[in-house]
Amino acid sequence: MYEIRLHSRGGQGGVTAAKMLALAAIREGKFATACPFYGAERRGAPVVSYIRIDDAPIKVYSQIRQPDLVIVLDMSVMETVDVLQGIREDGRVLINSPHPVDMQGHPTYHVDLTGIALSLNLVIAGSPILNTPLMGALAKMGYVTFDSVKGAIEETFSDDRNVEAAQLAYEELER
């Protein structure tokens, strides 16, 4: 089983990203679950989402304590949350940043999800929406295919800019 923990802030699209990633995996014939964990339920508050992907049915629906992948959509979350807590020794990190970030020796990938969202005016209530560009980055990392990402995005959103955002992130992801 592959376990992913996604750190975001309310209003950035982290919960929707978790659901779309699970949907993309299901589109590939895998089993997947997505489970959000809210603290203070308000825009801007830290939110954690958990995604599990497996080739067999998943019977666990809880928080993930030892993720294989940690995703950070907002670096300011790291000021109050230890995003690397419990990460597996060989765990990877994907961070929303235009520049490389040292994450204590873990293989770290970065892409400017915020810049991509802003360039396409994917903004709601003043906040860039990061879920669809994130999906492109995850496809590039090999968690799901871009075709399944595209299908999950199209099933969730009707605006073509969302697929374009995923394509840009797919092209721009770096390690």
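Read the figures in this text as sums done on the coordinates, not as results from a lab. Values in this document were obtained by computation on a predicted structure and should not be read as measured data. Cβ sites come from the backbone with ideal geometry, for glycine too, and all protein chains shown count toward neighbours.
Quick notes on this one:
- For the chain, built as a Gaussian network whose Cα springs stay under 10 Å, the top-fluctuating residue of Thr80, Thr16, Thr156: Thr80
- Cα→Cβ-extended label distance, 7 Å offset, between Val60 and Ser76, nm: 3.3
- Here the relative contact order of the range 2-172, from alpha carbon pairs under 8 Å that lie six or more residues apart, stands at 23 percent.
- Under 15 Å, Cα to Cα: Lys pairs in the range 2-172, sequence gap 8 or more or different chains: 4
- Since only Ala169, Thr132, Gly11 are under comparison, the one whose Cα sits farthest along the positive direction of the charge dipole of the chain, derived from C-beta charges on Lys, Arg, Asp and Glu, is Gly11.
- Electrostatic dipole magnitude of the range 48-175 [Cβ: Lys, Arg +1; Asp, Glu -1; Cα centre; debye, to 20]: 300
- Note that the range 160-174 has calculated 3J(HN,Hα) couplings of 4, 4, 5, 5, 4, 4, 4, 4, 4, 5, 4, 6, 9, 4, 9 Hz, one per residue in order, obtained from phi through the Karplus relation 6.51 cos²θ - 1.76 cosθ + 1.60 (θ = phi - 60°); glycine and proline are x.
- Net +/- balance of residues flanking Ala56 in space, Cβ distance below 15 Å, scoring K and R +1, D and E -1: -1
- For His106 and Asn121, the difference between the fully extended length at 0.36 nm per residue and the C-alpha to C-alpha distance is 2.2 nm.
- Extension gain, Met1 back to Asp147 (0.36 nm per residue minus Cα-Cα distance, nm): 50.4 nm
- Cα→Cβ-extended label distance, 7 Å offset, between Arg88 and Tyr38, nm: 3.1
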